[in-house]
Amino acid sequence: MRYLLGKVGLLLLTLWAAVTLNFLLPRLMPGSPADAAIAKLAQNGPVSPSTRAAIEAQLGVPTGSAWDQYLQYLNNVVRFDFGVSYTFFPQSVASLVGTALPWTLVLVGFVTIVAFVCGTLLGVLAAWKRGTWLDTLPTVGGTFASAFPYFWTALLLLFFLGYVAGWFPTSGAYGSAATPEFTGTFLLDALYHSILPATTILITSLGGWILGMRSTMINTLGDDYVTFAEANGLHPGTVAIRYAARNAILPNLTSFGLALGGVVGGSLLVERVFSYPGVGYLLYTAVVNQDFPLMQALFLIITISVLLANFIVDILYGILDPRTRR
Amino acid sequence: MSLVSVQGLSVVYEPNGAEPVPAVKAVSFDLDQGDFVGLVGESGSGKSTLGFALTGLSRPPARVCAGSIIFDGVDIAGLTPSQLRVQRHGGFAMVLQSGMNALNPVRSIRNHFFDIFAAHGHVAGRDREARAAELVGKVELPASVLDRFSGELSGGMRQRVSIALALSLEPRLMVFDEPTTALDVLVQHAVMDTIRELQKAERFTAVLISHDLGMVLEVTERVMVMHDGLIVEDATAAEILAAPRHPYTRMLLSHYGDPRAAVVEVPGLASRGTERATNVAQAVAGGAPVVEPVVEPVEPVVEPVETTPTVRRREGRAAREAIVVSGVSKVYPRHSRRDQPVTAVNDVSFTLEPGASMALVGASGSGKSTIAKLITGVEHPTSGTITFGDLRIDTIRRRQLKRLHTEVQMVFQDPYAALNPLHTVEYALTRPVLNYSSLRGRDARRRVLELLETVGLTPVEQFAARLPHQLSGGQRQRVVIARALASDPQVIVADEPVSMLDVSLRAGVLALLDSLRETWGVSMLYITHDLLSARLVTDQIMVLNQGSVVEEGRTATVLQNPQDDYTIRLLDAIPAPRSSAPRNPS
């Protein structure tokens, strides 16, 4: 319990620090968004003072002391008010992020968890049946598949299964005729659209989990408590799972935390290739169009997701490893 | 009929792509119900391999390649893994060498017991809790340990738990593989007593595998001595004590001595009387070779070092200085609010005179290694002063450390961990030579070879090119000592330099350390829990208990006439195979 409270405290502290940094960093940069917009206009000729006034009025100029701005900002963050997007004017940043986030969370988050679970199980099996085909096949296959770059696998799948064979749609998260709603047909359509991007992520990340788990598992199999468990005649299944795998998984949880944290921010390439309307695609759009409010909100979301993922892994550690509880 | 009958058993190691190495060679013996048998040998003799084969635990690359192990009428060498698994209940159990790590760190002790009960189904569900509590009671632990995890238990407690776990199989044969080696001296003694009493009460057949002939002779009725994969002697403990037949047994036995005796002697090392340093070179030359040529000693006892002018580099150096430690304490701050601050060293004062050798003796946790850290400037004391000449070690800054380490060097306990496995001996020795002297190029290399000669690793050219894994433990420790000598130090702090070595190698390393003092005037702080070796190589002794000095004086005087209760307990914990009086278990 003390452990849990400590971790929650740490989470709140880091969250506050992240939010504050997100407030400070843009203010430490020289210039303002209005300057940037005016500089762009100035390439086509002189900018009149009235134009400048109009742009500043549109974007808003900070008033009050830095402390007041900070309080105002905190207040806005708590109410998920991140202002209005430049690119998708007049849509609010909050609604844009709100539409994109579920797609990414469901697709990339789910696939990351599936890859971790499957990869870990295959790794356990490979180490336990070391030297047999159950070891060779996943190890060699995993190494081979994960050696391809992310986007290359995506392009290959897209080309062969999308264009050539025509089995799967090549872009988007749902058909152009469908509207997002909770009906069976729509969910089936979304699932159908998600198969290619999901397969891409699965193929490229599975190998790493298999190899990681296999090598830690082989180390644990040499540990004395595994030998002792065998000497005591425990069931082979108990030895493999409760003694060897249970300890071998602990170092891999850290990598899992990192992968989970990268779900929101790291899906940029795959979402770009498949034109998938998730956070990565949104971030890409924001960067290309210099959409500062949108970028700021997305960076904050990415930071928070990393913190949350690490918090979850910390809690998992607390449950799985009695040594961390003290 | 005997319980276990081993006939012509051979075990080979077959590493992938390498030549198979025989570890156990056509060994035959019988064990009767209720026997307590010792299996003694040095590292590499095949004793653990035999123990693993006896309990059906041979795993690749080890393989039983010939012979049979008839356990109660069944040849267990020929059973399938699942048949073997079933046999373990009421059959054979094993307690591993590093019992500290024999417990799953993420499962509670209770679950360890329940896993075994579930695997064999010999204890009904509702009786399991009571049975587990009864078993931990047998090894003198409270039932509350069942709720704990292995990380929360001390080494001795963990080893007791693994004995209780092995016992829960209701075995008829129990193999103890070095069950107390990793434990503190006093704890070793207590755990051994528990094993002895359990064996008497439960009447299982026990095999005690150990490198420590002294302990085995004290505990068991019958002893099998193993050397190079063969059982070279199989006799009762009394017979072996009275008339060891095999030269190897005689060699092992000759390395035991009573540190309390007036004259103590092991091969290659002089007895040290009450007066100061006897001449080691003389003793080595005078002592008759105990090892007969039939058994090749793994490493020859060190020859007295010729002190050529090139080796003696003392000239032109600053006058020799003493290390003066006065009123030194070290308190480690508490880790969390629940802990208490730990006082590792409490108001310790002593002077290590130039050319003197002093033993720092105590059980683990007595603060002896902390004192080594303080003297080498690795840590600063909380209070008190340490000086070396005009150098204040207690407040030393990083920049001055190099100056200190030119004069004060350390020899570590574990020769297997103290050398980088990727670098040759020459590289390991060249580094400090370049670091601490102005020698470069050919001169530096000559100095490296000189150092190797000093520590008796000849032919030097050959040893210089070797990698650590191509050396025996004793040879590695010599390299570590040579490395410490590279800066031509005045003081050597040796932290348990021989505790990881085989008995037959210990004397050689100790003789080397002693000769360095004789020929070079290097003073030595010898940290150990082994009172016999302290008696052999030191003149002064300090006994530490929980950070405080409880006794100090001349080594011979203190050991012959100990005043403090703690010193007496340490002395009592030493196995004394040659003392005929039976000691009562404490």
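Read the figures in this text as sums done on the coordinates, not as results from a lab. What you are looking at is a predicted structure, and each value in this text was computed from that prediction instead of being measured. For neighbour counting, all protein chains shown are included, and Cβ atoms are generated from backbone atoms with ideal geometry for every residue, glycine included.
Assorted remarks:
- Selection from B:210, B:149, B:90, by position along the positive dipole direction of chain B (Cβ): B:149
- Order by protection proxy (mean Cβ within 10 Å, highest first), peptides A:181-191, A:279-289, B:142-152: A:279-289, B:142-152, A:181-191
- Tensor-based shape of segment B:40-159 (alpha-carbon gyration tensor, a/c under 1.5 rounded, otherwise prolate or oblate): oblate
- Protection proxy ranking of A:36-46, A:150-160, by the mean of other Cβ atoms within 10 Å over each peptide's residues and highest first, is A:150-160, A:36-46.
- Tail weight of P(r) past 31 Å, computed on alpha-carbon pairs of chain A, percent: 48
- Here B:183, B:559 are placed in order of increasing Cβ neighbour count within 10 Å, fewest first, which gives B:183, B:559.
- In this entry, segment B:466-524 is assigned a mean projected area of 4.1 nm², taken as a quarter of its C-alpha convex hull surface.
- Cα gyration tensor shape of segment B:11-102, rounded if a/c is under 1.5, else prolate or oblate by comparing a/b with b/c: rounded
- Each other residue within a Cβ distance under 14 Å of residue A:13 adds +1 if Lys or Arg and -1 if Asp or Glu, for a net charge of 0.
- Charge-dipole axis of the protein assembly as shown as Lys and Arg at +1 and Asp and Glu at -1 on Cβ define it, positive-most pick from B:60, A:309, A:88: A:88
- Computed over neighbours whose Cβ is under 12 Å from that of residue A:216, the net charge equals +1, Lys and Arg +1, Asp and Glu -1.
- Straight-distance candidates among the lysines for linking to residue B:138, with alpha-carbon spacing under 16 Å and chain neighbours fewer than 8 residues away dropped: B:200.
- Distance cut-off 23 Å, percentage of C-alpha pairs in segment B:323-572 lying past it: 52
- Semi-axes of the equivalent ellipsoid of segment A:34-79 are 29, 10, 8 Å, computed as sqrt(5λ) over the eigenvalues of the C-alpha gyration tensor in descending order.
- Here, segment A:128-207 has an Rg and a Dmax of 16.3, 52 Å when only alpha carbons are counted.
- For chain B, a simple Cβ point-charge model (Lys and Arg +1, Asp and Glu -1, everything else neutral) yields a dipole of about 1900 debye relative to the Cα centre.
- Beta bridges per DSSP with both ends in the protein assembly as shown, % antiparallel, nearest 5: 55
- Mean per-residue shielding of peptide A:317-323 is 3, counting Cβ atoms of other chains within 10 Å of each Cβ.
- Whichever lysines have a C-alpha closer than 29 Å to that of residue B:330, once near sequence neighbours (fewer than 8 apart) are set aside: B:368, B:373, B:402
- Charge dipole of segment B:323-572 about the Cα centre (unit charges at C-beta), most positive-ward option of B:473, B:516, B:348: B:473
- Overall, the ratio between the Cα radius of gyration of segment B:93-239 and 2.2 N^0.38 Å, rounded to two decimals, is 1.08.
- Residues residue A:78 and residue A:48, FRET efficiency given R0 of 60 Å [Cβ-Cβ distance, rounded to 0.05]: 0.95
- Here chain B is described by how far its Cα atoms reach on the three principal axes: 77, 59, 49 Å, from widest to narrowest.
- Mean per-residue shielding of peptide B:111-120 is 4, counting Cβ atoms of other chains within 10 Å of each Cβ.
- Estimated D of the protein assembly as shown in µm² per second, where Rh is the Kirkwood radius over Cα pairs and Stokes-Einstein applies at 10 °C, 1.306 mPa s: 48
- Over the residues of the protein assembly as shown, the helix contribution to mean residue ellipticity at 222 nm works out to -14500 deg cm²/dmol, using -39500 (n - 2.57) for each DSSP H run of at least 4.
- Formal net charge of residues neighbouring residue B:32 (Cβ-Cβ distance under 14 Å; K, R +1; D, E -1): -2
- Peptide A:240-252 has a mean shielding of 2, counted as Cβ atoms of other protein chains within 10 Å of each residue's Cβ.
- Rounded tilt (10° steps) of A:33-42 against the dominant C-alpha axis of chain A: 60
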